[in-house]
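Engineer: Right, I'll just put the structure down here and ask away after.
The values are calculated or read from the model by the stated rules, or taken from the named source; none is laboratory data. Here the structure is a predicted model, which is why all the values come from computation and not from measurement. Heads up, the Cβs are rebuilt from the backbone with ideal geometry, glycines too, and the neighbour counts pull from every protein chain shown.
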Amino acid sequence: MKKLFPVLVFVLLASLLLAACAPSATPTAAAPVTVLATVVVTAVPSTGPTEAPVPTPVATVDPTLLSQKGRLLICSDMPYPPFEFFDANGDPTGSDIDLGTEIANRLGLKAQVVNSVFDTIFAAVTSGKCDIILSDTNITADRQKQVSMILYFQAGQSMLVAKGNPQNINATTDMCGESVAVESGTTEVDYLQGTGDYKGKGLPADCAKAGKKNPTVIIAQKDSDALQQLQAGKVVAYFTDSPVAGYYVSQHGDQFQLTGQVVEPAPVGIGVPCGQTDCTSAPLTPLGQAVQTALKSMMADGTYGKILDKYGLSNGAVTLP
């Protein structure tokens, strides 16, 4: 299964027929953007998640700070539902996409998604291939050295197993000595391998205490590839963010189920370049300040909450200090 959300052919044909009958219009072309060799740019529809457009931007951004004039380029690793994925028409959707689109609208900009492999997503934003990262990115010490991060969500980690849980994976230590799938570049990789912010701890430390072997970590480049490992029976579990695991169960309850307790709840942030080699103590740049102002306005008027409600993510809502 290459994609979980294939484009329906009959929908495309219907769209073409309608387009043929409609008055001609000048299309808006999205300039192609390349991140390493793994990025595709997709323009987000101009309609945001709010019922009416914001008449006046809540903040303005110096055009020289943007990768493309008039646009907010958003790095996002797709698919990773319900945060970011493709709908039946092949268009980007999800909570992060809606949040990013609304942030752009409130800054007087047009949102554009840059589909990026997660383990190169920080290099993409620091090299100017996109303006911000909105991709369910946990805030960690290592990541805060690379970019400034604006808190906007909180999520834990969960184990997704085959329906019926045939391997009896009920606790994290049940993954010890077993093959487990995970997406590259994620904090789940660090937890399973005892690296990054989990150096000297994480699952390897728990496995050692239990007298068990470390898990065999199968690292996939994309979320959908990791899920395929579980679907094919090559691993006992797919270890991922709790909302993602929950979404797959809601969509494919005949194939998957959640097991065990939520592990390591962590804050999630929007990544913004800081303009320095170490962002640990760097203040937000003018772009970061504008993004934060837009996010605060969304929280204040209820738009933020409505977007999370739409995707069943209300439990992860946060309040900006």
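Rundown of residues vs (1) under 30 Å from Leu65 (Cβ atoms); (2) of a type in the set (S, T, N, Q); (3) at pLDDT 95 or above, yes/no style:
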{"site": "Glu102", "(1), (2), (3)": "yes, no, yes"}
{"site": "Ile121", "(1), (2), (3)": "yes, no, yes"}
{"site": "Val125", "(1), (2), (3)": "yes, no, yes"}
{"site": "Gly156", "(1), (2), (3)": "no, no, no"}
{"site": "Lys163", "(1), (2), (3)": "no, no, yes"}
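Engineer: Among the numbered criteria (1) over 24 Å from Gly177 (Cβ atoms); (2) modelled with pLDDT under 95, which one does Val262 miss?
Structural biologist: Here Val262 clears every test but (1).
Engineer: Out of all the residues in region 141-167, which are over 19 Å from Ala245 (Cα atoms) and either assigned by TED's automatic domain parsing to the domain that holds Val180 or buried (at least 18 other Cβ atoms within 10 Å of the Cβ) (or both)? So that I can check it myself, show each step before the final result.
Structural biologist: Of the residues in region 141-167, the ones over 19 Å from Ala245 (Cα atoms) are 141-152.
Selection gives Arg143, Gln144, Gln146, Val147, Ser148, Met149, Ile150, Tyr152.
Engineer: Being in contact (Cβ under 8 Å) with a residue 40 or more places away in the chain and in a loop (DSSP other than H, G, I, E, B) is the filter here, so list the residues in region 175-218 that pass it.
Structural biologist: Result: Glu178, Ser184, Gly185, Thr186, Pro215.
Engineer: So which residues in region 224-273 are part of a loop (DSSP other than H, G, I, E, B) and farther than 24 Å from Ile97 by Cβ?
Structural biologist: Here is the first cut: in region 224-273, the ones part of a loop (DSSP other than H, G, I, E, B) are 232-236, 252-255, 273.
Within region 224-273, Ala232, Gly233, Lys234, Val235, Val236, Gly253, Asp254, Gln255 qualify.
Engineer: Determine whether Asp278 is over 30 Å from Ser148 (Cα atoms) and outside any strand (DSSP E or B). Lay out the reasoning, then the answer.
Structural biologist: On the way: over 30 Å from Ser148 (Cα atoms): no; outside any strand (DSSP E or B): yes.
No: the conditions fail for Asp278.
Engineer: While we're on this one: Has region 269-283 got at least one residue that is crowded, with 16+ Cβ neighbours inside 10 Å and within 19 Å of Gln157 (Cβ to Cβ)?
Structural biologist: yes
Engineer: crowded, with 24+ Cβ neighbours inside 10 Å, among the acidic types (Asp, Glu) and touching an Asp or Glu at 6+ places or on another chain (Cβ under 6 Å): is that true of Asp96 in this structure? Step through it out loud before you land on a result.
Structural biologist: Numbers: crowded, with 24+ Cβ neighbours inside 10 Å: yes; among the acidic types (Asp, Glu): yes; touching an Asp or Glu at 6+ places or on another chain (Cβ under 6 Å): yes.
Yes; evaluated as a whole, the condition is true for this residue.
Engineer: Still on this structure: For Gly196, work out the one condition from (1) surrounded by fewer than 21 Cβ atoms within 10 Å (Cβ to Cβ); (2) modelled with pLDDT of 95 or more it doesn't fulfil.
Structural biologist: So Gly196 meets the others, but not (2).
Engineer: Return yes when Pro53 is closer than 28 Å to Glu183 by Cβ, at pLDDT 50 or above and not hydrophobic (A, V, I, L, M, F, W, C) and no when it is not.
Structural biologist: Details: closer than 28 Å to Glu183 by Cβ: no; at pLDDT 50 or above: yes; not hydrophobic (A, V, I, L, M, F, W, C): yes.
Spelling it out, it is not the case that Pro53 is closer than 28 Å to Glu183 by Cβ, at pLDDT 50 or above and not hydrophobic (A, V, I, L, M, F, W, C).
Engineer: Please enumerate the residues belonging to region 287-319 that are touching a strand residue (DSSP E or B) at 6+ places or on another chain (Cβ under 8 Å) and closer than 20 Å to Pro273 by Cβ.
Structural biologist: If the condition is that a residue be touching a strand residue (DSSP E or B) at 6+ places or on another chain (Cβ under 8 Å) and closer than 20 Å to Pro273 by Cβ, then Leu287, Gly288, Val291, Gln292, Leu295 are the ones that fit.
Engineer: Considering every residue within region 297-316, establish whether at least one is closer than 29 Å to Gly128 by Cβ, over 18 Å from the mean Cα position of the chain (by Cα) and of a type in the set (A, V, I, L, M, F, W, C).
Structural biologist: Yes: one or more hits.
Engineer: Would you list the strands (runs of 3 or more DSSP E) that sit entirely within region 79-174 and hold 2 or more residues that are under 22 Å from Gly194 (Cβ atoms)? It would help to see each step written out before you state the result.
Structural biologist: Working: elements: 110-115, 132-138, 148-162.
Those strands (runs of 3 or more DSSP E) span 132-138, 148-162.
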